[in-house]
Every structure is written in structure tokens, then in C-alpha cells.
């Protein structure tokens, strides 16, 4: 059992908001320690760069290091912070003394975290030996190597996830970014219950937080000014499905892992104010407020119609 967690920011930055995100990162690492103490790590994405730091010790020790402080300094308004993903590891396959086995896993252009266990990683590495390299021993590496490979052949992020899912056995809840497509963060899980991920969405501050359980989220964010669980606009239990999150707009594309079904994309952006207007409605696709009389009468806003949703 391991812990995965992360933060997403798709709105304006401010000093207070950045401070709240740094505190949330600290709290999520410590709270997720209950799911793994053998290793821990984080990846921070800004508009300028991606920073990864991981070590073979528990999260409560990681947060006391100079290297950790250097990485979380990128969670600030000047750096245009976009996202953070993190992991606490309970060792299963592969020693934590080899840092390639620890998370976030760096698989060429894909950086990701995984909770669960892949059962056929060795056979898949053998199958793709001409296409992908194995740097560690951990089973998690095959997930992100496969996704990276499929994207390199021209597949989309969602197509790559589905192809990898179709070949793997075992259980997994994952989050990852692709350095050539830093606009998106993707979460997916193949389980109905364990392992999965819970995503909290805060429309009012244009932010999202995810973790392996509601308990970890609530414990980490209970006293947060910006990210208190009481202020969530929506939560998504990610099980047997995936979400691709647009880090610029907050739009979420939900997809099924086992077929070509897509749930309608919807926006986690701030609703447009239509004060005092009895014709104000929420778009049935993107959940944004719109004036039904001035835009359309089909329950869908003009933006979604123009984009073909």
C-alpha cells in the first residue's frame, strides 16, 4: 500500500494562496505517511520548469530537508505554480535504496506516481524490450514507460492510458504529467474500491486537491484557509475511470478505461456571475453559469456548442 496525492492550480496566484498550497503539500506528505514510510517524493510543475525530489525515507523526514525546501519554493505566485504530485511508498518490489524505484517515477517524458501493484511488469518489459528501457526494479515503472511509449507513437494521453491499461494486470491508481504536454495532469484507477483516488474541486479559488482517501484529504486540509474540505464545490471518486485535467482552464475530461465512452467534459472554472437574473442556469455539460434567454434554450451554453461538446 502506498499513498498518492497532489494539488492543481488553474487560477490567479497570490501570496496567501501559494502559502496555503505549500502548507497543504507538507500536510499531505505527513498524512499520507500512514500508507508508506519506506520512501517519499514530490514533483512540482510551474510554467517554467518541472522539479522532482525523492528519497528513501518517510515524508515527515523529507519535509525537513534542504532539497525539499528548494523544490517547494517553486510553489509561489512568481513562478506561476500549476501542479504538484506526491507519493509515500510502502516497499513491495524493488529496494528503496535504488532511487529509480521510488516515486515520482521518471519515465522519459512522463513523471508519475502509483498506488497498487502491477502483476505482469516483467513480461511487459520483455515484450517491449526493443522500445523501452528499464532503469529500476519496481513494478510501477512499466505503467509510465508504456504511457510514454504510446504517446511517442502519436497516441493521445487518453489513448495511451487505455492501451497501457489493456495490457496490464493487477491494481493501480495513478497520476502523471507529460513534459511535452504540461497543460494536462491525468488521474486514473482500475479498481472499484481500493486502490483509488479522491479529487476535491474548489471552484471559488480555482484549485483541486487529490489523495488516496477522503480521510487523508480531510486531515490534511481541515485548517486550510483556501482548501478547507467544507468549501469543496464537487468531489470525484476515481474508480474504473480516469480524468484528464486542463491546468489552464480547469476543464475535466472524464473517460472510461475499458471502452471508448467519454463523459461530457465540464469546467471547474469560476461561474460567471449573472446576478438577479431568473434566466440564469448551469450548463449541463460544463457546469458554467449562463443566461438561457440570451445564449440558447437547450440547457447548454454557447461555448460548449461552439466547441462541439
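A short reminder: the numbers here are calculations on the coordinates, not readings from a lab. Predicted model, so just to flag it, every value in this text is computed and none were measured. Positions of Cβ are backbone-derived with ideal geometry, glycine not excepted, and every protein chain shown enters the neighbour counts.
Annotations for the structure displayed:
- Taking every alpha-carbon pair within the stretch 10-53, the share separated by more than 18 Å comes to 40 percent.
- The relative contact order of the stretch 3-267, computed from alpha carbon pairs under 8 Å that lie at least 6 residues apart in sequence, is 19 percent.
- Exposure proxy for 43, 77: other Cβ atoms within 10 Å of each Cβ, ordered fewest to most, give 77, 43.
- Mean Cβ neighbour count within 10 Å, used as a protection proxy, ranking 51-58, 221-228 highest first: 51-58, 221-228
- Within the stretch 183-243, the ratio Rg/Rh, alpha carbon atoms throughout and Rh by Kirkwood, equals 0.98.
- Per-selection Rg to Rh, the stretch 1-141 - Cα, Kirkwood hydrodynamic radius: 1.00
- For the stretch 3-267, convex hull of alpha carbons as volume per residue, Å³: 111
- Whole-Å semi-axes of the ellipsoid equivalent to the stretch 1-78 (Cα gyration tensor, √5λ, descending): 22, 13, 11
- Kirkwood hydrodynamic radius of the stretch 36-117, from the reciprocal of the average inverse Cα-Cα distance over all distinct pairs: 13.0 Å.
- Sorted on the mean count of surrounding Cβ atoms within 10 Å across their residues, most packed first, peptides 126-132, 14-20, 139-145 read 139-145, 14-20, 126-132.
- Paramagnetic reach from residue 73 (point 7 Å along Cα→Cβ, amide N under 20 Å) across the stretch 30-46: 41-46
- Relative contact order computed over the stretch 153-203 (Cα-Cα under 8 Å; 6+ residues apart), in percent: 28
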